[in-house]
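Heads up, the thing below is written out as structure tokens.
The values are calculated or read from the model by the stated rules, or taken from the named source; none is laboratory data. Since we're looking at a predicted model, the values are computed, not measured. Ideal geometry is used to build each Cβ from the backbone, glycine not excepted, and the neighbour counts take in all protein chains shown.
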Amino acid sequence: MIQARQLVEAGDPTGALSLYESYLNDHPNDAECLYCMGAALFDHGNLGVAFQMFQQSMRIAPEKAAPHNGIGRCLYAWHQHEQAAEFYAKALERDPDYKFALSNMGTVLHSMGRHDEALEFYHRAIEIDPNSPDTLGNLGMVYMTKGDWENGWRCMHSHVGQPERPERFFGDAEMWIDGGFDRLVVYGEQGVGDEVYFAALLHELEGRDVVLETNPKLAGLFQRSFPWLKVRGTRYQADKPWLADFSPTHKIPIASLPMHFWDKPDDCPRKPYLTACPERRKMARALLDDLPGRKIGLAWTGGFAKGAGYERQVDAQWLLEKLGVSPFTDGPDVTFISLQYKEPPLVPGIIHWPFMVETPDYDDTAALVAELDAVISVPTSVINLAGALGTPTWVLLPKTYHHWRYGINEATHPWFGCVNVVHEPWDLKSVLEATDGTRELRAA
């Protein structure tokens with residue numbers, strides 16, 4: 001059992017499973033082993049079997065908190081938030097100081113929009129384990145949602161070094177936490193949309209000796225937008241040849257930059273900060289000019305399951321119908337352009353140009369988005385791109401999606417002055433009417 005736990009901690013759930021199976025052959029009713037095997041299966045992505053293991057462990061040892069917490073984790077992963085909260089509560093009835101159930105209860109309450117209650121549970125968990133990066137990171141998200149960015153950024157930075165935010169190394173460079181720096185590496189992390197989003201902070205570093213290491217598909221766009229910056233598209237390369245000419249004293253992940261500059265939403269300039277390629281914009285303009293009416297970009301799916309992707313999607317045909325487009329009626333004077341960048345279905349009534357949106361160079365997509373009259377989308381990376389370019393945008397925020405980037409009940413995005421937040425239930429015909437005249441307004 002001890003060796004199996006060591007394998008789990010070392011990131012080898014497969015090896016641990018083999019040891020747990022062997023142990024259960026001789027001890028089939030060992031509740032602790034059943035629970036540990038369920039946890040390893042959960043980490044391996046086998047939620048259904050993990051659920052059965054947790055349930056069997058609970059039947060054998062109903063007085064234990066851990067199996068109830070495990071069942072809650074599965075229910076949360078299946079988006080059954082109310083039921084997950086019930087099992088976390090059962091775990092805490094058995095052990096009020098069970099830090100994992102306290103932290104998990106905070107997470108599910110935050111997902112349900114009960115932010116003040118979430119704070120209480122996170123604080124209780126931190127009293128027990130003040131250095132838990134997961135709890136601190138999740139606490140930071142609640143602070144951010146409530147507008148307390150000063151505490152939020154610091155808490156969220158504590159998550160650096162975890163699998164979702166691995167720390168990168170550049171010689172002897174130290175993490176930039178406090179004070180100043182001589183030479184800094186800002187390194188990209190998470191998805192393309194995150195890099196675009198936090199690039200808003202790069203202007204704060206102008207005039208300093210800084211290298212930005214980024215996703216190669218963003219290198220051209222960023223270098224044009226921040227000409228004073230040394231942009232290197234080597235994020236996924238093991239070798240860093242540019243280190244031969246640049247010896248950084250400090251480093252920082254791009255999503256941690258705000259903790260040095262923006263303490264509250266009012267600190268955001270809310271101005272465009274990316275510059276699309278002029279030549280590619282001409283190509284996009286020529287394509288769009290051949291189409292009738294206003295040209296509106298649409299995106300209807302976003303994210304992965306781990307990033308609440310299930311909450312950020314609508315049916316494309318349903319979206320068109322709600323916008324007033326139907327094969328049986330005369331629709332509005334609008335042409336819809338797909339901004340879907342992965343697995344785009346062919347949807348009658350929506351034009352899709354793979355060479356513009358399914359491309360290894362984000363400059364292509366940026367050029368298209370910069371020339372559109374407006375964008376209507378669920379929360380996804382194209383919102384960040386449109387906001388950074390200054391394209392009028394309406395983001396369709398589901399009532400089940402609670403994220404710090406959108407605050408609580410705000411009508412405009414705190415980061416982007418051109419992004420309007422439309423809370424469910426959505427009056428999409430009114431949204432489409434609001435896009436009328438956006439190109440003339442931008443030109444003025």
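Remarks
- Failed item in (1) within 22 Å of residue 122 (Cβ to Cβ); (2) in contact with a helix residue (DSSP H, G or I) (Cβ under 6 Å, 6 or more places away or on another chain), with residue 39 passing the rest: (2)
- Boolean, residue 282 is among the basic types (Lys, Arg), surrounded by fewer than 18 Cβ atoms within 10 Å (Cβ to Cβ), within 19 Å of residue 173 (Cα to Cα) and more than 20 Å from the chain's Cα centre (by Cα): no
- Scanning region 225-259 for residues that are buried (at least 18 other Cβ atoms within 10 Å of the Cβ) and assigned to a helix (DSSP H, G or I) turns up 225, 254, 255, 256, 257, 258, 259.
- Residue list for region 103-152, filter: out of contact with any helix residue (DSSP H, G or I) (no Cβ under 6 Å at 6 or more places or on another chain), of a type in the set (D, E, K, R) and under 23 Å from residue 77 (Cα atoms): 114, 116, 120, 134
- Counted residues, region 373-430 - those being of a type in the set (S, T, N, Q) and crowded, with 22+ Cβ neighbours inside 10 Å: 6
- Number of the condition not met by residue 321 [criteria: (1) in a helix (DSSP H, G or I); (2) in contact with a Ser or Thr (Cβ under 8 Å, 6 or more places away or on another chain); (3) over 28 Å from residue 417 (Cβ atoms)]: (2)
- Segments classed as helices (runs of 4 or more DSSP H), wholly inside region 76-178, with at least 2 members that are touching a strand residue (DSSP E or B) at 6+ places or on another chain (Cβ under 6 Å), free of Cβ contacts under 8 Å to residues at least 40 places away in the same chain and in the same structural domain as residue 188 (by TED's automatic domain parsing): none
- Spans of strands (runs of 3 or more DSSP E) in region 349-441 with at least 1 residues out of contact with any Pro (no Cβ under 9 Å at 6 or more places or on another chain), of a type in the set (D, E, K, R) and assigned by TED's automatic domain parsing to the domain that holds residue 302: none
- Looking across region 54-75 at every residue that is in contact (Cβ under 8 Å) with a residue 12 or more places away in the chain and not in a helix (DSSP H, G or I), the one that is farthest from residue 36 (Cα to Cα) is identified as 63.
- Region 311-346 - residue that is surrounded by 15 or more Cβ atoms within 10 Å (Cβ to Cβ) and modelled with pLDDT under 85 and, of those, farthest from residue 386 (Cα to Cα): 331
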